[in-house]
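Quick notes on the structure that follows.
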Amino acid sequence: MTDTPIPSPPTPPAAAQPTTVVNQTPAGVLDQNVAALLAMNTTQKKKRKSKAHLNAMKMRGELWPELDTSLLWDRTVNDGYSSIPRTLSLITNMIDDLAKKHTGKSAAAGKTYFALWCRVWDENMLTIENESVYAIESGYSGERNVTTWRQHMKVLQELGFIDTKEGAYGPYNFVLIYNPYLVLKKLKPQIPASYYQLLLQRAIEIGADGDLIDKPAKETK
């Protein structure tokens, strides 16, 4: 009798290699979501601006079909411009009202503030070497023009819109301009409600309300 060979036991299947799972923390997910939202918001803003620009150009073409565009001031062509808050006209009026309450008399410090913005660059600091020039640009003339200008600069500093440092060219040789929205938010109790609401409404329209509206407090765990 021939012995029947015993079959070899089947080879067990190879063990599955463990899969490495990278856990993404909620913070990471949140950061990605925030970045995506910011990118989306930026794109949406660009689209809105582009659409508004096209609509305005279309309307201008209808109203002034034979317009010579060389007669217009174009910031993309003409030099000598400054970046200022779109609400600056409202801000200067509010400064005049605040200055009157602060000093007890009429003080057109808003013109002084406007003239500073027309001179400032992105570092938000001015070096003033000739106070007479700034006084004239602010609308003050005559023998007491510098004196009046200095009085209004003092009011602006006391209200918190600017800070100043003395130097070789006078007590206002160096001027720092603070974020006007933050200053007005702090001075809100002194501002008529109708003025502040108008400022807030305009700020919301242009997307500049972030510094005027209190951010919601974070939830505590």
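For this structure, a couple of remarks:
- Of the residues Lys111, Lys185, the single one that is of a type in the set (Lys, Arg) and over 19 Å from the mean Cα position of the chain (by Cα) is Lys111.
- Contact map, the stretch 183-202: residues that are without any contact (Cβ under 8 Å) to a residue 40 or more places away in the chain paired with residues that are surrounded by 17 or more Cβ atoms within 10 Å (Cβ to Cβ) and charged (D, E, K, R), Cβ distance under 6 Å, separation 6+ or inter-chain. No pairs are found.
- Within the stretch 159-178, residues that are among the small types (Gly, Ala, Ser) sit with their Cβ atoms under 7 Å from residues that are outside any strand (DSSP E or B) and modelled with pLDDT of 95 or more, at 6+ positions apart or across chains, in these pairs: Gly160/Tyr178; Gly160/Val183; Gly160/Lys186; Gly170/Glu131.
- Scanning the stretch 58-100 for residues that are farther than 19 Å from Tyr181 by Cα and surrounded by 14 or more Cβ atoms within 10 Å (Cβ to Cβ) yields a count of 1.
- Residue in the stretch 168-190 that is loosely packed, with under 15 Cβ neighbours inside 10 Å, closer than 21 Å to Ile136 by Cβ and of a type in the set (Ser, Thr, Tyr) present: yes
- Ser132 vs. criteria over 27 Å from the mean Cα position of the chain (by Cα), surrounded by fewer than 13 Cβ atoms within 10 Å (Cβ to Cβ) and modelled with pLDDT under 95: no
- Test result for Val77, at pLDDT below 95, hydrophobic (A, V, I, L, M, F, W, C) and farther than 18 Å from Leu199 by Cβ: yes
- Wholly within the stretch 116-221, strands (runs of 3 or more DSSP E) carrying at least 1 residues that are in contact with a strand residue (DSSP E or B) (Cβ under 8 Å, 6 or more places away or on another chain), basic (Lys, Arg) and farther than 22 Å from Pro85 by Cα: 162-167
The values are calculated or read from the model by the stated rules, or taken from the named source; none is laboratory data. All of these numbers come straight from a predicted model, not from anything done at the bench. Cβ atoms come from the backbone with ideal geometry, glycine included; neighbour counts cover every protein chain shown.
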